[in-house]
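Participant: One structure, pasted below without further comment.
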Amino acid sequence: MRLVHSFSERFCKLDGSSGEFLNELSVELASNLSQNVVSLASFNGKTMWFACSGILIEYDQHRSVLTSASLVRSSDDEDKIVDNLQIEVRLPNGQCVKGTLQYCNLQLNIAVVNNIVFPELRATNLYHPMEIKTDSEAVAVGRLFSTGKLTATRGIATDKKSNLDCNKLMVSTCKITKAGIGGPLVDFSGNFIGMNFYDKEETPFLPRIDILECLMQFETRGYVLQRLM
C-alpha cells in the first residue's frame, strides 16, 4: 500500500520547529532553488503511486529532471519498475506537465525524466568542479506535489556512511520528510552536493560524483536499466 498523504509534509528545522527555513537563505540562493527544484508524481490510472522531488538538469541534449527511482519502483519487487505509470512534473511556476521515464538505475535509486520543454527554466550545473568538505553546512530542498510549495532545511553534510544497503550513500543531519526524496542537497553557495533520500533515523544522500558516473553509464548504454550491478 502506498501512503500518499505522507508525501505532503514540509521539512522541520533542526530544533523540530516548523518555521520556514527558506526565509533565512540569501535572496540569490532562494531564487535559484525556487527555479530548479520541481516535484513529481506517478499515477497508475487515476491513483497516485508515488510523489517526490527532483531537480532540473541539462542532460542528453534535453532539459530533464534528476529524481529518485522510487517514483517508478515496484512495491512488490524492488528490482523491477512498474509498467505504464503516467508521470507528472509540477514546475516551479505551478504548471503540471507530462514526463517520460528516460533512464533508471534501481540499485543507486536514480531516475531521469524528460520531456520538459520550458527553456526559460534554470537547470542545475552538476559538472561544476567542487570538493565536498567534511562537516560543511548544507541545505536540503524539496517541493510538495500537492501544493507546489518549496520547503527546505539546513544541516551538516558528514563523511558518515549510511546504514542503508547502498554503500555509496553518505549522511547529512538535514531532517527532511518523504516529500524531499529525490531533492537536492546543496551548499550555501548553491553548489550541488548530492540527492537526498529518506530514512527515519538519518538523511542519506548520494554524492554528486556517483550521480555523474551513473549518468555517464546511461549515455553509453542508452536504455532504461532495471538493475546495475
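The values are calculated or read from the model by the stated rules, or taken from the named source; none is laboratory data. These numbers were taken from a predicted model, which means no experiment stands behind them. Neighbour counts run over all protein chains shown; Cβ positions are idealised from the backbone, glycine included.
Participant: What number of residues within the stretch 64-86 are more than 19 Å from CYS214 (Cβ to Cβ) and assigned to a strand (DSSP E or B)?
Facilitator: Residues that pass the stated criteria total 1.
Participant: Could you list, in sequence order, the residues of the stretch 143-192 that are under 18 Å from VAL38 (Cα atoms) and hydrophobic (A, V, I, L, M, F, W, C)?
Facilitator: LEU144, PHE145, LEU150, ALA152, ILE176, ALA179, ILE181, LEU185, VAL186, PHE192
Participant: Take the conditions crowded, with 21+ Cβ neighbours inside 10 Å and over 21 Å from GLU213 (Cβ atoms) and apply them to ARG90. Does it pass?
Facilitator: Answer is yes for this residue.
Participant: Report yes if some residue within the stretch 49-61 is part of a strand (DSSP E or B), among the acidic types (Asp, Glu), at pLDDT below 85 and outside the structural domain of LEU185 (by TED's automatic domain parsing); otherwise report no.
Facilitator: For the stretch 49-61, residues part of a strand (DSSP E or B), among the acidic types (Asp, Glu), at pLDDT below 85 and outside the structural domain of LEU185 (by TED's automatic domain parsing): present.
Participant: Now for a different question. Against the conditions (1) modelled with pLDDT of 90 or more; (2) surrounded by fewer than 18 Cβ atoms within 10 Å (Cβ to Cβ); (3) touching a strand residue (DSSP E or B) at 6+ places or on another chain (Cβ under 8 Å), where does ASN196 fall short? Just the number, please.
Facilitator: (2)
Participant: While we're on this one: Return the residues of the stretch 192-222 that are in a loop (DSSP other than H, G, I, E, B) and touching a residue at least 60 places away in the same chain (Cβ under 8 Å); say none if nothing qualifies.
Facilitator: PHE197
Participant: Scan (1) farther than 20 Å from LEU91 by Cα; (2) in a strand (DSSP E or B); (3) touching a residue at least 24 places away in the same chain (Cβ under 8 Å); (4) touching an Asp or Glu at 6+ places or on another chain (Cβ under 8 Å) for the single condition THR151 breaks and write down its number.
Facilitator: With respect to (1) farther than 20 Å from LEU91 by Cα; (2) in a strand (DSSP E or B); (3) touching a residue at least 24 places away in the same chain (Cβ under 8 Å); (4) touching an Asp or Glu at 6+ places or on another chain (Cβ under 8 Å), THR151 is out only on (1).
Participant: Out of the stretch 108-144, which residues are surrounded by fewer than 18 Cβ atoms within 10 Å (Cβ to Cβ) and at pLDDT 90 or above?
Facilitator: GLU137
Participant: Restricted to the stretch 17-48, and to residues that are touching a helix residue (DSSP H, G or I) at 6+ places or on another chain (Cβ under 6 Å) and among the small types (Gly, Ala, Ser), which residue is modelled with the highest pLDDT?
Facilitator: The extreme case among them is SER42.
Participant: Could you identify the single residue in LEU40, LEU56, LEU71, LEU33 that is farther than 25 Å from CYS166 by Cβ, in contact (Cβ under 8 Å) with a residue 40 or more places away in the chain and surrounded by 19 or more Cβ atoms within 10 Å (Cβ to Cβ)?
Facilitator: Only one candidate passes the filter, namely LEU33.
Participant: Shifting gears a bit: Please work out which residue is modelled with the lowest pLDDT, limiting yourself to the stretch 160-185 and to residues that are of a type in the set (D, E, K, R) and part of a loop (DSSP other than H, G, I, E, B).
Facilitator: ASP165
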